[in-house]
1. Identify, from the list V69, V124, V150, the residue that is of a type in the set (V, I, T) and modelled with pLDDT of 90 or more.
2. Within the range 50-69, is there a residue that is closer than 16 Å to E99 by Cα, loosely packed, with under 13 Cβ neighbours inside 10 Å, more than 15 Å from the chain's Cα centre (by Cα) and small (G, A, S)?
3. Among the residues of the range 1-49 satisfying the criterion of being surrounded by 15 or more Cβ atoms within 10 Å (Cβ to Cβ) and aromatic (F, W, Y), which is nearest to T104 (Cα to Cα)?
4. I'd like to verify a number: residues in the range 64-87 that are in contact with a Leu (Cβ under 9 Å, 6 or more places away or on another chain) and touching a residue at least 24 places away in the same chain (Cβ under 8 Å), how many?
Amino acid sequence: MGHGSLTFGWDSADRFLSDDGLELAQRHYDEIAHDKADVPLEIDIDDYLKREKDGTFRIFAARRDGRLVGYVFFDLFWPSRYRTTLHVKEHIFWLAPEERKGMTGYRLLKAAFSALPKPCKLQVHEKLSFEGGRVGKLLERLGLKPIDVVYGAYLRE
């Protein structure tokens, strides 16, 4: 890959789902999901569509020659504790492995962060892969600072 025109921009959930969005979501899950035996991929399409309509969910897409190759999902909210400040939480982001060359990931996130409504408090969780790959340095290059550590476990009865 890597040939042709790469563009970034907001996508509607309808467009994302009608293109290759579900296929990319499955590839994303297959690559990085933890606890697959206990946490299956079950996308609530109706919830995404409703939240997009309510203005609390947005999709930022990367496309190569019009074909979907990556995305960033954002949740937008006004916490009860900080009700006058828009908070934007990166929900998930993923870029197809064949597109992970040079500065493509950096360019995707930079474009996505630049397109967010301002002012806002942006929160991004550093992603860890099974190979131990980290994107913290990339996020720091984009001006973000580490503020939290997130731990996770699947709790069984």
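The values are calculated or read from the model by the stated rules, or taken from the named source; none is laboratory data. Treat the numbers as computed from the prediction; the structure is a model and nothing was measured. Virtual Cβ from ideal backbone geometry, glycine too; neighbours counted across all protein chains shown.
1. On the way: V124 fails: modelled with pLDDT of 90 or more; V150 fails: modelled with pLDDT of 90 or more.
Only one candidate passes the filter, namely V69.
2. Checked the range 50-69: at least one residue is closer than 16 Å to E99 by Cα, loosely packed, with under 13 Cβ neighbours inside 10 Å, more than 15 Å from the chain's Cα centre (by Cα) and small (G, A, S).
3. Across the range 1-49, the extreme among qualifying residues is F8.
4. Of the residues in the range 64-87, the ones in contact with a Leu (Cβ under 9 Å, 6 or more places away or on another chain) are 64-65, 68-72, 74, 76-78, 86-87.
Still in the running and touching a residue at least 24 places away in the same chain (Cβ under 8 Å): 64-65, 68-72, 74, 76, 86-87.
Residues meeting the conditions: 11.
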